[in-house]
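Colleague: The structure under discussion is supplied below as structure tokens; questions concerning it will follow.
The values are calculated or read from the model by the stated rules, or taken from the named source; none is laboratory data. In this text the structure is predicted, and so the values were computed from the model without any measurement. In this analysis, Cβ positions are derived from the backbone assuming ideal geometry, glycine residues included, and neighbour counts consider all displayed protein chains. Ligands, DNA and RNA are stripped out before the accessible areas are found, and what is left, the full protein with its side chains, is counted by its heavy atoms. Shrake-Rupley method; radii C 1.70, N 1.55, O 1.52, S 1.80 Å.
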There are 2 protein chains.
Amino acid sequence: MAVTDEAIRKIKDMILSGDLTPGQRLPPEKELSERLGLSRNSLREAVKALEVIKVLDVRRGDGTYVTSLEPELLLEALSFVVDLHQDHSIIEIFEVRRVLEPYAAGCAATTISDSDIIRLRNMLDSVDASTSVEDLVTHDLEFHRLINRAGGNDYMANLLESLSSSTVRARIWRGVTQEGAVARTLEEHRAIVSAMESRDSEMTRSWASIHVGGIETWIRRAVAGSNEKGDD
Amino acid sequence: MAVTDEAIRKIKDMILSGDLTPGQRLPPEKELSERLGLSRNSLREAVKALEVIKVLDVRRGDGTYVTSLEPELLLEALSFVVDLHQDHSIIEIFEVRRVLEPYAAGCAATTISDSDIIRLRNMLDSVDASTSVEDLVTHDLEFHRLINRAGGNDYMANLLESLSSSTVRARIWRGVTQEGAVARTLEEHRAIVSAMESRDSEMTRSWASIHVGGIETWIRRAVAGSNEKGDD
DNA sequence: GTAACCGAAAGGTCGGATGTTTAGTATCAC
DNA sequence: GTGATACTAAACATCCGACCTTTCGGTTAC
């Protein structure tokens, strides 16, 4: 295509070459547009595109900056995309989770701090079968996030977080609640924490696998069911 | 923030609610901008942003369409982001690959077709230690792509493809070539294919693990080395 | 020393004009 | 009738210039 896409590429190249470093401020739109040889409007389209994928940070009245480019930030954009995936992809996404989460949990079993284990315990104590769906989603998100981060691979943790967007999580917990399976699911959470407390990588991995795998099976059934009803 | 971001959200919502379906054409920019209550310029920024993450497809002289929203398309945008990651993240990214690829390869061992195995064999025969770096990168990309796709999880395959962007792959193979380790690396490729030929999931998985793990180790050394030289 | 003020700079938004490309239609040659 | 060609309307691409709002930092008043 043309000028705007070229501008995107040029800005990316400036970052890759080191002309622009994380945190650095870009020239004003007017100046940059002149330098890159396009109008301010067109440049703004390029900047906007780089902003939504968290490469640039535009501060009104101040200037435009290169973000930290941390995986956390860049992968955040991925959740926007995951939201758009349909039933079919949801299953595949879950299979990815099923492979990665047990691995991360297993790593975490040997590296997690005692204080983090206490935090996990407190989380578990704050929910039960009578907790609202919204709170269960929040709990679930924080629970898995803490474990994933404790695994030591930030990229993997962020990736997993993006893969299980809140809208998907909400849908799942709504289903889990309807099936009255909340207690069992939370029991699995407890088993994971217990295994980590024992610093048992293998058991942690297995419980995490059972936990995510169980939800995956539930989703497969749910999707198959909605397809039968023609709700594809 | 403001009008542009709101427009992005509204368009996303239209897709999520089913008002806009994959392949459908959006109203002309002028009309849509009026309907959403913002200027055409601002709307274009929103459209551009959704275009770079492959949600919209803008065809000049024709119109703007919702893409297929296939994972393949949406994850493609991820490689843009992966390109921007630095040494530190590269290692973490590779650890993700090391977990996922053996799994995918193990699945593929039981599902891959005979003709695909033949294609893999042909690929292997087309390269050796004297092949150029560029061709090795292409070979490597196609080799792993075929196996990952044969694993049956398209989302995972696309994710893996995005995670190992071509620039990263190029960097790796340049290093592998310099170390004279091309023959050994290609030998690992052969071992993976042989295991798949025997329909041996376990062996396939193990060889894939050894293969990716070996490269990961090499990268860790390379990054550590460049850090020592202050080339961070 | 502090707080309020002010102005320059930067991004946010807009409207309109003009260029380019595309799809579709109408027309013409065979 | 069929195929190729020419035309036209629609839609995106790009630009210009204007004006608004926000932010930062220096200045002034107390």
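Colleague: Going by the conditions given, is A:Val55 in contact with a Leu (Cβ under 6 Å, 6 or more places away or on another chain), surrounded by 20 or more Cβ atoms within 10 Å (Cβ to Cβ) and under 23 Å from B:Asn158 (Cα atoms)? Don't jump to the end; show me each part of the working.
Modeller: Working: in contact with a Leu (Cβ under 6 Å, 6 or more places away or on another chain): no; surrounded by 20 or more Cβ atoms within 10 Å (Cβ to Cβ): yes; under 23 Å from B:Asn158 (Cα atoms): yes.
Answer is no for this residue.
Colleague: On to the next question. Which residues, counting only those in segment A:62-78, are outside any helix (DSSP H, G or I) and either surrounded by fewer than 20 Cβ atoms within 10 Å (Cβ to Cβ) or more than 9 Å from DNA strand C (Cβ to nearest atom) (or both)?
Modeller: A:Asp62, A:Gly63, A:Tyr65, A:Val66, A:Thr67, A:Ser68, A:Leu69, A:Glu70
Colleague: Of everything in segment A:10-28 that's assigned to a helix (DSSP H, G or I) and among the charged types (D, E, K, R), which residue is farthest from DNA strand C (Cβ to nearest atom)?
Modeller: A:Asp13
Colleague: State whether the residues of segment A:187-194 include one that is of a type in the set (S, T, N, Q), in a loop (DSSP other than H, G, I, E, B) and open to solvent by less than 70 Å² (accessible area, probe 1.4 Å).
Modeller: no
Colleague: Then there is this: In segment A:91-100, which residues are more than 7 Å from chain B (Cβ to nearest Cβ) and either open to solvent by less than 10 Å² (accessible area, probe 1.4 Å) or within 21 Å of B:Val82 (Cα to Cα) (or both)?
Modeller: Hits for segment A:91-100 are A:Phe94, A:Arg97.
Colleague: If you go through segment B:29-43, how many residues are near DNA strand C (Cβ under 9 Å from one of its atoms) and either in contact with a strand residue (DSSP E or B) (Cβ under 9 Å, 6 or more places away or on another chain) or β-branched (Val, Ile, Thr) (or both)?
Modeller: Of the residues in that region, 0 qualify.
Colleague: I would also like to ask the following. So which residues in segment B:1-28 are under 19 Å from B:Val58 (Cα atoms) and away from chain A (no Cβ under 12 Å)?
Modeller: Within segment B:1-28, B:Lys10, B:Asp19, B:Gly23, B:Gln24, B:Arg25, B:Leu26, B:Pro27, B:Pro28 meet the criteria.
Colleague: Between A:Trp207, A:Trp173, which is open to solvent by 70 Å² or more (accessible area, probe 1.4 Å), in a helix (DSSP H, G or I), under 18 Å from A:Met123 (Cβ atoms) and touching an Asp or Glu at 6+ places or on another chain (Cβ under 9 Å)?
Modeller: A:Trp207
Colleague: May I ask you to list pairs of residues, at least six apart or on different chains, whose Cβ atoms are under 6 Å apart, with the first in segment A:171-192 being in the same structural domain as A:Asp116 (by TED's automatic domain parsing) and the second being small (Gly, Ala, Ser)?
Modeller: Correct list of pairs: A:Gly175/A:Ala222; A:Val182/A:Ala129; A:Ala183/A:Ala129; A:Ile192/A:Ala208.
Colleague: Quick one: which of A:Ala46, A:Ala108, A:Ala7 is surrounded by 15 or more Cβ atoms within 10 Å (Cβ to Cβ), in a helix (DSSP H, G or I) and more than 16 Å from DNA strand D (Cβ to nearest atom)?
Modeller: Values: A:Ala46 fails: more than 16 Å from DNA strand D (Cβ to nearest atom); A:Ala7 fails: more than 16 Å from DNA strand D (Cβ to nearest atom).
The unique qualifying residue is A:Ala108.
Colleague: Here's another thing I want to ask about it. Quick check on my filter: what residues within segment A:10-43 are among the charged types (D, E, K, R), more than 17 Å from A:Leu73 (Cβ to Cβ) and either open to solvent by less than 60 Å² (accessible area, probe 1.4 Å) or away from DNA strand D (no atom under 14 Å from the Cβ) (or both)?
Modeller: A:Asp13, A:Asp19, A:Glu29, listed by residue number.
Colleague: Determine if segment A:117-126 includes at least one residue that is away from DNA strand D (no atom under 16 Å from the Cβ), more than 10 Å from chain B (Cβ to nearest Cβ) and not in a helix (DSSP H, G or I).
Modeller: Scanning segment A:117-126, I find at least one residue that is away from DNA strand D (no atom under 16 Å from the Cβ), more than 10 Å from chain B (Cβ to nearest Cβ) and not in a helix (DSSP H, G or I), so the answer is yes.
Colleague: Taking B:Thr131 and the conditions (1) within 18 Å of A:Val81 (Cβ to Cβ); (2) among the polar types (S, T, N, Q); (3) modelled with pLDDT under 90, which numbered condition does it fall short on, given that it satisfies the others?
Modeller: Here B:Thr131 meets the rest and fails (1).
Colleague: Can you tell me which residue in segment B:49-61 is farthest from B:Asp5 (Cα to Cα), limited to those that are assigned to a loop (DSSP other than H, G, I, E, B) and more than 7 Å from DNA strand C (Cβ to nearest atom)?
Modeller: It comes out as B:Lys54.
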